[in-house]
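The values are calculated or read from the model by the stated rules, or taken from the named source; none is laboratory data. Only a predicted model underlies this, so the values are computations on that prediction, with no experimental measurement involved. FYI the Cβ positions are ideal-geometry reconstructions off the backbone, even for glycines, and counts take in every protein chain you see.
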Amino acid sequence: MARRHDLVGLTVLALLTVRAAHPYELHRFIIETHKDYITGLPRSLYHAVERLAKDELIVPAKTDREGRRPERTVYEITEEGREELAARLKQLLERPDPDRRTFVAAVSLIGCLPLPDVQRALRGRAATIEGVLAGMDAHRRAMADSGLPAVLMLEVEYEQALHQAELDWIKDLLGRLDKGELDWATRPDM
């Protein structure tokens, strides 16, 4: 998937790991499950399906027709599609991005990965965020020592609070995962 933030394509791949479907079914599922990080429906979904099929990450499985409705192509994910999904999800979980929708999307689709991969990626993300927080703290102290009024550093304070909240959430999630408190159904095809 060449597009850095192809959250629609990523979601299509994830949904097709559950079962083969046609784009209209995928569209309904995205809306019903409130995948609100996806924008531009339904056009973005149909474009994503075309790109994924062109890249051979999904393939047509069959064509259905109900009554007088137009034919609908049912797609299924390929092995390359599964590998791409896993690689992209791990990357989105591990690497913080200024566009917070990417992490929301990754968390939404987290069940597509084996538990050890999720734990490893989240621990990497936590370590990165801890480093960012330490840098921000040092920057704030240096600015305060230079006499810069605190009111001019409020945006840094705000960003620091957001990072800290994310870090706290990740640590809590990792604790729950480590204790087995979340039902993690490992799929045989993952």
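Looking at this structure, is ASP137 farther than 19 Å from PRO96 by Cα, of a type in the set (Asp, Glu) and not assigned by TED's automatic domain parsing to the domain that holds LYS90?
So ASP137 fails the test.
Across segment 144-190, which residue is surrounded by the most Cβ atoms within 10 Å (Cβ to Cβ) among those that are modelled with pLDDT under 90 and in a helix (DSSP H, G or I)?
MET153
Just the residues that are exposed (fewer than 13 other Cβ atoms within 10 Å of the Cβ) and assigned to a helix (DSSP H, G or I), please, taken from segment 51-79.
Selection gives LYS54, GLU79.
Test GLU159 against the stated conditions and say whether it is over 30 Å from ARG19 (Cα atoms), outside the structural domain of THR17 (by TED's automatic domain parsing) and in contact (Cβ under 8 Å) with a residue 24 or more places away in the chain.
no
Looking at ARG69, ARG51, which is the one that is at pLDDT 95 or above and basic (Lys, Arg)?
ARG51
Starting from segment 10-38, take each residue that is closer than 19 Å to THR78 by Cα and list its partners that are at pLDDT 90 or above and polar (S, T, N, Q), counting only C-beta distances under 9 angstrom and pairs at least six apart or across chains.
Hits for this filter: THR11/SER108; ALA14/SER108; HIS22/THR73; PRO23/THR73; LEU26/THR11.
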